[in-house]
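Readers should treat all values here as calculations from the given coordinates under stated rules, not as data from a laboratory. Here the structure is a predicted model, which is why all the values come from computation and not from measurement. Positions of Cβ are backbone-derived with ideal geometry, glycine not excepted, and every protein chain shown enters the neighbour counts.
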């Protein structure tokens, strides 16, 4: 049940209409959220600022990898106008318990350009989100929605009944989500856990509003997410 609901939510979010003015920011946010907490804690400061797979050494041309195919599809759709040669390849990993990862690839010669554009999109949109004096309220709301959609696509909703819990490694992504939640009037909070952070939104109504803001329109029942102890 957990996996079915998680896949359904991510599939729905991946199919949400793409706002082209937000596409590269959404991809950059997905990159931030894809970092592994364990590996992020060992990553150098320089590696942590890149928008490829944070904290890991990848072969040239591999921008990022995701556990969920829906996240990879959304990332590709976001950057395809910038680099039409973008592609996804699946890899089976593991031995006794195999699992698949989905690597987003671009021609090696275009990788620096893509990373540069992602960095610029991140910088300009996070500055807009932080600036409470900004007069463009619709644009700020679009940034907030894109940030949460990206996080939900990459990390998934977690395993709480009426509670979304996202485990992240990147502190800047955590800060963006908290600011975005405040703008959307959602009760989000963050705590430090095991080399990373957990960002949560609790309450059935709040979770429904969050999914709606992020672009999940099919009203997948929040109650179908199994409960776990609140100390988890």
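Observations on the structure shown:
- For the range 148-215: rounded, prolate or oblate by the Cα gyration tensor [a/c cutoff 1.5]: prolate
- Additional length obtainable on full extension of the chain from residue 59 to residue 194, 0.36 nm per residue less Cα span: 45.8 nm
- The calculated FRET efficiency for the pair residue 132 and residue 217, based on their C-beta separation and a Förster distance of 30 Å, comes to about 0.55.
- Each residue, residue 141 and residue 185, gets one label point 7 Å from its Cα in the Cβ direction; the gap between the two is 1.0 nm.
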